Amino acid sequence: MKKSVLILLTLILSLPVFAAKETEKKSAPVKEHLQNHFKIYGFIRNYFVFDSRESKAGTGDLFYYLPMDNKWNTADESNPAREDLNASPNFRFLALTSRVAFDVSGYYINNLHFGAKVEGDFYSGLTKLSSTSGLSGNTNVSGTAQARLRQAYVTLTWKDLPMKGEETAQVGLKIGQGWHPMAADMPHVFSLETGAPFGPFSRTPQVTMDASLGKHWILSAAAIWQQQYQSAGPDGASASYQKYACTPEIYAGVSYKVKDFLFRAGVDVVSIKPRNIGKNADGLTVHVKDRKTSVLGYLYGQYTHKMLSIKAKTTYGEGGEHMNLMSGYAAVDKTDPTNWKYASMRNSSTWISACYGKKWQGVLFLGYIKNFGLAEEAKSLTSSDVYFCSNGYSNINQMYRINPQVLYNLGKFTLGLEYQWTAVQYGSNLNKKALAQENLHWVGNNRLNMMVKFTF
């Protein structure tokens, strides 16, 4: 991990030197443009949402994850008053996902170009209601929307770098908060979750390098830190597990584009420290040696021709709960109180989407998730030893989603209507691989979503 970080930093630091040498070779006069260009953009977006049952959802219940498991008021199936308390239809209308942003460009010295982006919405300020309110299920529906930072980064781009033949290269750096490289490719859906949890979803602080080598190939590398989207652990979701590990998340990827096709593949490595302090065999509080490392990979493909677009993405590997994937890890060996052993859950998440049209657009999204359990069997396992994505439940065995949509675009005005059927197979009694295989049963939710949007 340390070697990977050093290699990435060396490459980043060498870029200005490389660019300077190329400039010297050309012996061209210095060309400067120091006047920035500002572009303001954004949209007003309103969502009307109906759910047939209580669901796990964020952002005022607009960012949808999955339906909650059955919550029976009595175990007695013969009781005529028996009912599922989570079978509660509900309706929401909110505009807090409206967005304002601006881009900065136009500043360059020779072939070195500078840019920046700041983007925000109004998600912050929502609070949870008291459990004594008399409401069931997810009650995170109270509060006043406040401004929230989504993206804020600067870019440095070295353009027209010479290669063999007539082709040129371009190398860019992005420094700041932006989309996680694993989450950058999204399906066509207009719903706020954009395909999550069937695909990675995260915006995070990062230093990312993209090297465009000719017309077809792009090599990418990134060092990433956690902030809003965090790893699970003994203290719940927290960025402290990476903080005390002292190692950034490392990503490496490659892209290939030819005519109407785009293909992308990447690997992500995360190393965290679930505990920083603990008690030794003598009961004394000390620093511990805990560490958990996981590897997650993905494949992405895209075909675009005229008014038809097809996208598909699949991820497979360990962990990924900090990217809203239905996964996590567990403490599998606590023999040494100062050095617990951990194993990540293996999971597969796949989606495909198709979109056709321009003024009138038809969209179909299909998603599937499978939990394969821990990569290593635990010596003994209790529920407190399992650390799962905070937006899901560890007793999920598999789940799927069917999501057709229709959109009408009239200039900068868009009206969208979608139907979502999301079904989850829950179970009980996690085995030593933290996989629920007993009392398997399906729970589903019907969601109707209407969007009214004006872009500026």
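Of note:
- Only one of the numbered conditions (1) buried (at least 21 other Cβ atoms within 10 Å of the Cβ); (2) out of contact with any Phe, Trp or Tyr (no Cβ under 8 Å at 6 or more places or on another chain); (3) under 25 Å from Val267 (Cβ atoms); (4) not charged (D, E, K, R) is violated by Ser390, and that is (1).
- Test: residue in segment 398-408 that is modelled with pLDDT of 95 or more, loosely packed, with under 14 Cβ neighbours inside 10 Å and in contact with a Lys or Arg (Cβ under 9 Å, 6 or more places away or on another chain): yes
- Of all residues in segment 41-63, those being of a type outside the set (A, V, I, L, M), within 14 Å of Ser191 (Cα to Cα) and part of a strand (DSSP E or B) number 8.
Condition check ((1) touching a Ser or Thr at 6+ places or on another chain (Cβ under 9 Å); (2) touching a residue at least 60 places away in the same chain (Cβ under 8 Å); (3) more than 24 Å from Asp385 (Cα to Cα); (4) surrounded by 13 or more Cβ atoms within 10 Å (Cβ to Cβ)) across all residues:
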site: Ala245; (1), (2), (3), (4): yes, no, no, yes
site: Ala252; (1), (2), (3), (4): yes, no, yes, yes
site: Ser271; (1), (2), (3), (4): yes, yes, no, yes
site: Ala281; (1), (2), (3), (4): yes, no, no, no
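- Within segment 222-243, the residues that satisfy the criterion of being surrounded by fewer than 21 Cβ atoms within 10 Å (Cβ to Cβ) and more than 30 Å from Trp421 (Cα to Cα) are Ala223, Trp225, Gln227, Pro234, Asp235, Ser238, Ala239, Ser240, Lys243.
- Here Thr168, Thr155 are screened, and the one residue that is out of contact with any His (no Cβ under 6 Å at 6 or more places or on another chain), over 22 Å from Ala101 (Cβ atoms) and touching a residue at least 40 places away in the same chain (Cβ under 8 Å) is Thr168.
- Flag for Thr144 being exposed (fewer than 13 other Cβ atoms within 10 Å of the Cβ), part of a strand (DSSP E or B), over 22 Å from the mean Cα position of the chain (by Cα) and at pLDDT below 90: yes
- Going through (1) at pLDDT below 95; (2) at positive phi; (3) not hydroxyl-bearing (Ser, Thr, Tyr) one by one, Gln437 falls short only on (2).
- Counting only strands (runs of 3 or more DSSP E) wholly contained in segment 350-456, no element carries 2 or more residues that are closer than 25 Å to Gln230 by Cα and charged (D, E, K, R).
- Condition met for Tyr419 (under 26 Å from Pro200 (Cα atoms) and in contact (Cβ under 8 Å) with a residue 60 or more places away in the chain): no
- Close contacts from segment 434-449, counting a first residue that is closer than 30 Å to Leu417 by Cβ and a second that is of a type in the set (Phe, Trp, Tyr) and in a loop (DSSP other than H, G, I, E, B), with Cβ to Cβ under 9 Å and a gap of 6+ residues or different chains, come to Asn449/Phe190.
- Filter pass, Val363 being in contact with a Leu (Cβ under 9 Å, 6 or more places away or on another chain) and over 22 Å from Ser327 (Cβ atoms): yes
- Summed over segment 181-200, residues that are touching a residue at least 60 places away in the same chain (Cβ under 8 Å) and among the hydroxyl-bearing types (Ser, Thr, Tyr) total 1.
- Residue in segment 226-236 that is of a type in the set (D, E, K, R) and over 13 Å from the mean Cα position of the chain (by Cα) present: yes
- Test: residue in segment 80-100 that is charged (D, E, K, R), outside any strand (DSSP E or B) and surrounded by fewer than 17 Cβ atoms within 10 Å (Cβ to Cβ): yes
- Residue identified as part of a loop (DSSP other than H, G, I, E, B), out of contact with any Pro (no Cβ under 9 Å at 6 or more places or on another chain), at pLDDT 95 or above and not charged (D, E, K, R) among Thr338, Thr314: Thr338
- When residues of segment 57-72 are limited to those that are among the charged types (D, E, K, R) and modelled with pLDDT of 95 or more, the one surrounded by the most Cβ atoms within 10 Å (Cβ to Cβ): Asp69
- Among the residues of segment 286-309, just one is crowded, with 19+ Cβ neighbours inside 10 Å, part of a strand (DSSP E or B) and among the aliphatic types (A, V, I, L, M), namely Leu296.
The values are calculated or read from the model by the stated rules, or taken from the named source; none is laboratory data. Since this is a predicted model, take the numbers as computed values, not measurements. Positions of Cβ are generated from backbone atoms using ideal geometry, with glycine treated the same way; all protein chains shown enter the neighbour counts.
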